[in-house]
1. Among the residues of the range 134-150, what is the count of those that are open to solvent by 60 Å² or more (accessible area, probe 1.4 Å) and within 13 Å of the chain's Cα centre (by Cα)?
2. Quick check on the range 161-182. Is at least one of its residues in contact with a strand residue (DSSP E or B) (Cβ under 8 Å, 6 or more places away or on another chain), assigned to a helix (DSSP H, G or I), at pLDDT 85 or above and open to solvent by less than 70 Å² (accessible area, probe 1.4 Å)?
3. Taking the conditions exactly as written (touching a residue at least 12 places away in the same chain (Cβ under 8 Å), in contact with a helix residue (DSSP H, G or I) (Cβ under 6 Å, 6 or more places away or on another chain) and not aromatic (Phe, Trp, Tyr)), does GLY76 satisfy them or not?
4. Give the range 151-160 a look and list any residue that's farther than 20 Å from ALA117 by Cβ and not in a helix (DSSP H, G or I), or say none.
5. What do you reckon, is ALA147 touching a residue at least 60 places away in the same chain (Cβ under 8 Å) and either in contact with a helix residue (DSSP H, G or I) (Cβ under 8 Å, 6 or more places away or on another chain) or charged (D, E, K, R) (or both)?
6. Which number in (1) modelled with pLDDT under 80; (2) open to solvent by 90 Å² or more (accessible area, probe 1.4 Å) marks the one condition that THR18 misses?
7. Tell me the residue from ASP106, ASP186, ASP82 that is of a type in the set (Asp, Glu), at pLDDT 90 or above and either farther than 26 Å from PRO7 by Cβ or touching a strand residue (DSSP E or B) at 6+ places or on another chain (Cβ under 7 Å) (or both), please.
8. Tell me whether the range 58-76 contains one or more residues that are surrounded by 11 or more Cβ atoms within 10 Å (Cβ to Cβ), at pLDDT 80 or above and among the aliphatic types (A, V, I, L, M).
Amino acid sequence: TRELVRPIDAQGTGLDFTGWITHAAATRIFAVVDIDWDVLVRRASLKEFRPVDIGTHISIDIESRIRSFESSNVIGMIRGSDVPERSVLITAHHDYLGVARGLRPDSIYNGARVSAANVSGLMTMAGALAAAGVVAPTTLTFVAATAGESGGLGIQSYLWGLSNSRESLHAAIVIEEANLWGPTADVAVGGGDQIERDELVIAAAASEGLTPVPERARYE
C-alpha cells in the first residue's frame, strides 16, 4: 500500500478511480486486444491524442482511508537591492524522512539521506550568503519545500502564491542530489546536452575549478 498526497482544496479529477500498473502487465493486457502499448504511449504524448477504448473491463475491490494533515514550506529571503520584487529561487524538498511503519521487507525511506543532504546544502548556502552580507540585485529566496515526493506539491503551492502577488520569479535552482562522495572535477547541469556550452554555466564552473559536462556523462 502507498499513501497518495493531494492538497485539501484540490479539485476532483473527474474520474471514479485512478491507479497504476506495471509496464509488463500493461503490455500483456494490450497484447490480448492486439494493440501495441508502446505505440499508444507515443501517441499519448501528442496534443491531439484522445482516449482509446480498448474494449476490456477490470474488477477491483479496494479499501482506502483518508486523513488530513498539515505540512509546511520553510522560507528565507535575502531582499534584493535593485529589483526586490524579482527573485531567484533556490529550493530543495525536506519531506522524504524517516520510516514507513509496517512496510516490509524495507521500511526505510531510502531518499532520506539525499533529502537531508540537499536541505543541508540549501541552509549552508543561505547562511553563508547572509553571514557574508551578500545582497544581490534581485531577491534570493530559499525554500525547503514539503511534499516533494508527491508531485512537488509544496513548491507548487509556493509558486501559486507567487503568481497572485506582485513578485515574479527570475530563475530557479533546484538542489536535487547533493554530492556526498567527496571532491569532484566536473559538474553536470540538467536541461539538455548543450547546456555545458552555456556562458553562465561555464563562468560559474570556472570560478569553482570545475569542468561542465553533459548530464548523461554522470551515468557513463
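1. Total meeting the criteria: 1.
2. Scanning the range 161-182, I find no residue that is in contact with a strand residue (DSSP E or B) (Cβ under 8 Å, 6 or more places away or on another chain), assigned to a helix (DSSP H, G or I), at pLDDT 85 or above and open to solvent by less than 70 Å² (accessible area, probe 1.4 Å), so the answer is no.
3. Against the criterion (touching a residue at least 12 places away in the same chain (Cβ under 8 Å), in contact with a helix residue (DSSP H, G or I) (Cβ under 6 Å, 6 or more places away or on another chain) and not aromatic (Phe, Trp, Tyr)), GLY76 qualifies.
4. GLY151
5. yes
6. (2)
7. Within the list ASP106, ASP186, ASP82, the selection yields ASP82.
8. There is at least one residue in the range 58-76 that is surrounded by 11 or more Cβ atoms within 10 Å (Cβ to Cβ), at pLDDT 80 or above and among the aliphatic types (A, V, I, L, M).
The values are calculated or read from the model by the stated rules, or taken from the named source; none is laboratory data. Small disclaimer: the values here were computed from a predicted structure and weren't measured. Glycine also receives a Cβ, built like all others from the backbone with ideal geometry; neighbour counts cover every protein chain displayed. The area values use the complete protein model at the heavy-atom level, side chains included, leaving out ligands, DNA and RNA. Shrake-Rupley method; radii C 1.70, N 1.55, O 1.52, S 1.80 Å.
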